[in-house]
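Novice: The structure that follows is given in the form of structure tokens.
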Amino acid sequence: MSTARTTGRHRLRVNAYDRVSSWLVALLIIVATTVAGLMIVYFTRQLIVEQMARPITPVEAASRPAEAAMGLKHDLEPPGIEEVTDLVEPQLQDTLRSVTNAVSSKTALLASEDIDEAGEVGHGRGEGDIRQAGIGHGDQGPREPQREIRFEPKNVRHYAQYLDYFGIELGVLGADNKIYYAYNLSREKPDVRTGDPADEKRLYMNPTHGNFAALDRRLAKRAGIADKGRIILQFYPPETQAILFDLERKHGGRKPEFIRLTVFRVTPQGERFVFSVEEQKYRGG
């Protein structure tokens, strides 16, 4: 009995100190193993990236064989202000519309362009052309009257003298968005100049049929501007415009918006020319 008790009292046991120590040792082993694994992964990735990396040399687009053969070169720098102007697509609003929005698109190139300068070009009642009035300072409102000029010039020179007397210029609308003007039309070689359609504020008229259209083109050819475009307009200076508008207003005492058509007659008086109203038609009548 006494021997059994003594043996049980001296049996080995694991105390709290031993448990904590074993846990610490196990934790250190786990941490060391994890750090070692992470270092292996890190250095392995570094070696792979170093092997895959290659130096990059910038190459201009023009160095490509196909484009280099054509002499092409791409500018890698952004365009400057001067170049931006050339790159911007032109606006849809064409400045010529300020002049041509009231002009018939069917401008005829008549066979009568070959009228002999010494020949007669006007007979009987005359062949004045109906034209639309201009815009800008020549516009009297949204319902601008139509206007017709009737005149029987003896020949091309006589017609040119009439234009010069009233300071009327011929203007050819060019495809390059410019107006090519001819003036001093009585001269053998008329004077010419160019202008911007956006700057044009005068009354204009557009001969579309009859002798006036043919004579205008004949004079434009003489001035060397007929090949600039197909539409030829007559531009009236403010003084002549005022004469026409005053005669138009006084003839029937009607406001422009109530006038449908005014027919003007040009009468030579020696070296002078005089406008008068020959006929007037009204809206609704």
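Every number here is computed from the coordinates shown, using simple stated rules; none is lab data. Keep in mind it's a predicted model, so treat the numbers as computed, not measured. No Cβ is skipped: glycine too gets one built from the backbone with ideal geometry, and neighbour counts run over all protein chains shown.
Novice: Counting C-alpha atoms alone, how compact is region 169-270: give Rg to one decimal and Dmax as a whole number, in angstrom.
Specialist: Considering region 169-270 through its Cα atoms, Rg and Dmax are 15.3, 43 Å.
Novice: Considering only Cα-Cα distances, which of the following residue pairs are longer than 24 Å: Lys255/Lys281; Lys154/Lys228; Lys189/Lys228; Lys221/Lys281; Lys178/Lys255? If you can, show how the numbers build up before the last one.
Specialist: Working: Lys255/Lys281 12 Å; Lys154/Lys228 28 Å; Lys189/Lys228 17 Å; Lys221/Lys281 35 Å; Lys178/Lys255 34 Å.
From the list (Lys255/Lys281; Lys154/Lys228; Lys189/Lys228; Lys221/Lys281; Lys178/Lys255), the Cα-Cα distance tops 24 Å for Lys154/Lys228; Lys221/Lys281; Lys178/Lys255.
Novice: Considering every Cα-Cα pair within region 219-263, what fraction, in whole percent, is farther apart than 18 Å? Intermediate results must be reported in sequence, preceding the final value.
Specialist: Details: 508 of 990 pairs.
Tail of the P(r) past 18 Å holds 51 percent of the pairs.
Novice: Go ahead and run the numbers for FRET between Tyr42 and Ala16, Cβ-Cβ distance against an R0 of 41 Å, rounding to 0.05.
Specialist: On the way: r = 39 Å, r/R0 = 0.95.
Once rounded, the FRET efficiency stands at 0.60.
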